[in-house]
Amino acid sequence: MPRPEVHGLKYFPFDVGFFQDKKIRLLRGEHGAEAVEVYQRLLCKCYEDNGYYLNWDSGEDYALMADDTGFTEERIQLIVSTCLRRSLFDNTLFKMGNVLTSRSIQRRYFGAVKETKMKAAAQGRHTTIRKDICLLTGEDFSELNTSYAWLKVADYPLKSANNEYKSAINSDKSAINPTKKRKEKKTILNETTADAHAREESLDLIDRRTSALGLDENFGRVARAYDSMIGGIASSTVAEGLIPFSDLNNSNYPIEASH
């Protein structure tokens, strides 16, 4: 039985010029050394979890990071926002699907797994990168696929973790009881039909009472218009004598002109 595929890394390359990078210096200048620590922790989580991206979209993520560092959640949020603004993470992908990644992260990850993945590709197991979050350029692919095309792009819809969770829940519900929705629809249809019959009977009673009392036919149209406006209450209450006909003879109620 083959081993399950591992996406994350146990360690990742660290550039010796990291602290001299302009983006890192600006980040440190705005928020101090604490911001650099948060960024490094996010990098570690990214490389450890999915390898080249990190889903970061819930309050729990900020709360856990705050617990790990001792900083407040508000400070963590501010630092992450600055990382996005300084392009340490791609801001567009984060806005679209709460994904933290960057071209440099993807280049570093796939460069680290290249030798292992090439061997797997030789056995027919190619490595894929999600098309919706791929930031690699054609040049990057050429450098990675130097001797063998082991890395390919795969379609994958960009969704937040919350949407994926909801989709999974809905799928489970459909699998458990696929006829439930149809039954509910049928029940609603039956109820609507019954209500329609009851309303017609009440309106007929209004017409009969209007005629028996010798009232103008406009009263009947007023009652019907009032009934349509408030959803069936007029027909039943007038028919039962709860609302006097005189109360419905009011020009404020819309009446469809007779033809």
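The values are calculated or read from the model by the stated rules, or taken from the named source; none is laboratory data. For clarity, every value in this text was computed on a predicted model and none was experimentally measured. Positions of Cβ are backbone-derived with ideal geometry, glycine not excepted, and every protein chain shown enters the neighbour counts.
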Item to check | Any chance PHE12 is in contact (Cβ under 8 Å) with a residue 24 or more places away in the chain, more than 26 Å from PHE110 (Cα to Cα) and assigned to a loop (DSSP other than H, G, I, E, B) | outcome: no
Next on the checklist: Tell me yes or no: at least one residue of region 48-62 is touching a Lys or Arg at 6+ places or on another chain (Cβ under 9 Å), in the same structural domain as THR127 (by TED's automatic domain parsing), over 18 Å from ARG130 (Cα atoms) and small (Gly, Ala, Ser).
Outcome noted: no
Item to check | Residue among SER142, SER147 that alone is modelled with pLDDT of 90 or more, out of contact with any Leu (no Cβ under 9 Å at 6 or more places or on another chain), polar (S, T, N, Q) and assigned by TED's automatic domain parsing to the domain that holds ASN55 | outcome: SER142
Checklist entry - If PHE94 passes every condition in (1) at pLDDT 60 or above; (2) under 21 Å from LYS45 (Cα atoms); (3) assigned to a loop (DSSP other than H, G, I, E, B) but one, which one does it miss? => result (3)
Item to check | Residue among TYR47, TYR39 that alone is in a helix (DSSP H, G or I), surrounded by 14 or more Cβ atoms within 10 Å (Cβ to Cβ), touching a helix residue (DSSP H, G or I) at 6+ places or on another chain (Cβ under 7 Å) and at pLDDT below 95 | outcome: TYR47
Next on the checklist: Looking at the structure I just gave you, is VAL99 β-branched (Val, Ile, Thr) and without any contact (Cβ under 8 Å) to a residue 24 or more places away in the chain?
Outcome noted: no
